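Notes to accompany the following structure.
Just so it is clear, none of the values below were taken in a lab; they were calculated from the coordinates. Treat the numbers as computed from the prediction; the structure is a model and nothing was measured. Cβ: placed from backbone, ideal geometry, glycine included. Neighbour counts: every protein chain shown.
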Amino acid sequence: MPFVSYQDLAKKCRVHGEVIYYSEKAGYAVGKNLVYLRALTEHNRKSRLKQWLQNQTLIDITNLTDNKIEEVFSALRRVTKSGSMLLSYASTFDVICDYFRRNGHAIAEGTNITGIVSSSEMLFDTTRESIEKAFSCRVFSRYSNQENGIIGQDDSENNVFILNEANYFVEILDFDADVLVPNGTVGRIVLTDLYNKAMPLIRYDTGDIGCLTYVNRNGTRKKAISSFAGRKMDIIYDTSGGRISAYAIANHFWAFPEIRHSRNAGSVSNQA
C-alpha cells in the first residue's frame, strides 16, 4: 500500500549529504556529470534546463530492446566525454549484461564512465563482473529506499552493505515476532529514523530480509547487512519448511543463458 513520507528541511539536507558521501566512495565528485538510466514518467522527468543546471542526464530505459540499448550507448558516448558517473537499477544492468553476452562489450568503447552505482535490487556477481569489464571501473551496489534514504552500500565485498549508522539504527527481527535474532541469522530488516522530525519512523519494517554482520574497515568495526535476499515475498520454502532466497535459485539459472526471463527493467521504483 503506497504512502507519503513527509520530510522536514533538515532531513532533506541529511539525505543530500549521504548521497554525496556514498557517491564519492564510488568515484563521484561534486560537479561531475551524473547519468541516470531509468524508466521516465511524468513524476520523474526533468526539463533539459533543469538537467543542465543540476549537471544530470536522464536516459529513458523503458522497453530495453537491443535497438534501444544501442541508442542508450550512443547517448552515453555523447554525454560522458568529460567523465560521468552512471546510476541505474540492478535489473537494467542485468539486461545490458545479457546484451554483452550475446554481442560482446565493444559497444561500450568510447564511453568515459568513472564510477557506477546499482540500486533497488540485488546485483548478481556475474552482472557486476560483466559491467565492470565493459566500463573498466568498479560497480557499487547501494541499499536505499524513498522513505528514508541510503541505508548502506557495499565496497570491497559484493553485496555486503556497510550500514549508514550516522543516520539510521538498523535491526534484524524474527519473521514471526518483534524480537531480535542472533547475528548471522536471516530476518526482517527494520530501521529507526529519528532525524526526520516531520515523520519519525520507529522500527519501520522495510519489507526486506537479510542478516546482521560486522566488517573491519581501517581498524574500525562496522555493522553491515549480508545475505540480503530481497523482499519478504521473494522467500521460497524447501520441503522441510526452511527458508530459501529466490536469488539462491536464480543464480543457478545463469548457467542456462538460453532460458529467457521476464524481469522488467523499468518496473522498480524503490530507489532513493
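Semi-axes of the equivalent ellipsoid for the stretch 145-226, computed as √(5λ) from the eigenvalues of its C-alpha gyration tensor and ordered from largest down, come to 20, 17, 11 Å. Distance distribution P(r), the stretch 33-82, all Cα-Cα pairs, bin width 10 angstrom from 0: 25, 54, 21, 0 percent.
Of the beta bridges in the stretch 117-229, as assigned by DSSP with both residues counted there, near 90 percent are antiparallel. Under a model in which nothing but the beta-carbon of Lys, Arg (+1) and Asp, Glu (-1) is charged, the stretch 7-60 shows a dipole of about 100 debye around its Cα centre. Karplus-based coupling profile of the stretch 115-129, in residue order and whole Hz: x, 9, 10, 10, 8, 5, 9, 5, 9, 5, 4, 5, 5, 4, 4, with θ = phi - 60° in 6.51 cos²θ - 1.76 cosθ + 1.60 and x standing for Gly or Pro. For the stretch 17-25, putting each phi into the Karplus relation 6.51 cos²θ - 1.76 cosθ + 1.60 with θ = phi - 60° gives couplings of x, 6, 5, 5, 4, 6, 5, 5, 5 Hz, in residue order, rounded to whole numbers and with x for Gly and Pro. Here THR220, THR192, THR114, THR65 are placed in order of increasing Cβ neighbour count within 10 Å, fewest first, which gives THR220, THR65, THR192, THR114. What the phi angles of the stretch 30-35 give under the Karplus curve with 6.51, -1.76 and 1.60, with θ = phi - 60°, is a coupling list of 4, x, 6, 5, 10, 10 Hz, glycine and proline written as x.
Between MET122, ALA166, GLY110, the Cα set farthest toward the positive side of the dipole of the stretch 107-176 (charges on each charged residue's Cβ, about the Cα centre) is that of GLY110.
Restricting the stretch 133-229 to chymotrypsin sites (Phe, Trp or Tyr not before Pro) that sit in a DSSP loop and have at most 14 other Cβ atoms within 10 Å of their own Cβ leaves PHE175.
Among the GluC sites (Glu not before Pro) within the stretch 74-164, those in coil by DSSP and having at most 12 neighbouring Cβ atoms inside 10 Å are GLU109, GLU157. Relative contact order of the stretch 1-143: 23 percent, from C-alpha pairs under 8 Å at least 6 residues apart in sequence. Given a cut-off of 16 Å, what percent of all Cα-Cα pairs of the stretch 72-160 lie beyond it? It works out to 53 percent of all Cα pairs.
Summarise the long-distance tail of P(r) for the stretch 120-191 by giving the % of C-alpha pairs beyond 17 Å. Result: 54 percent of Cα pairs exceed 17 Å. A convex hull fitted to the Cα coordinates of the stretch 1-125 yields 144 cubic angstrom per residue.
The mean sequence separation of alpha-carbon pairs under 8 Å and at least six residues apart, normalised by the residue count of the stretch 81-224, gives a relative contact order of 15 percent. As a proxy for reagent exposure, ranking THR185, THR111 by other Cβ atoms within 10 Å from fewest up yields THR185, THR111.
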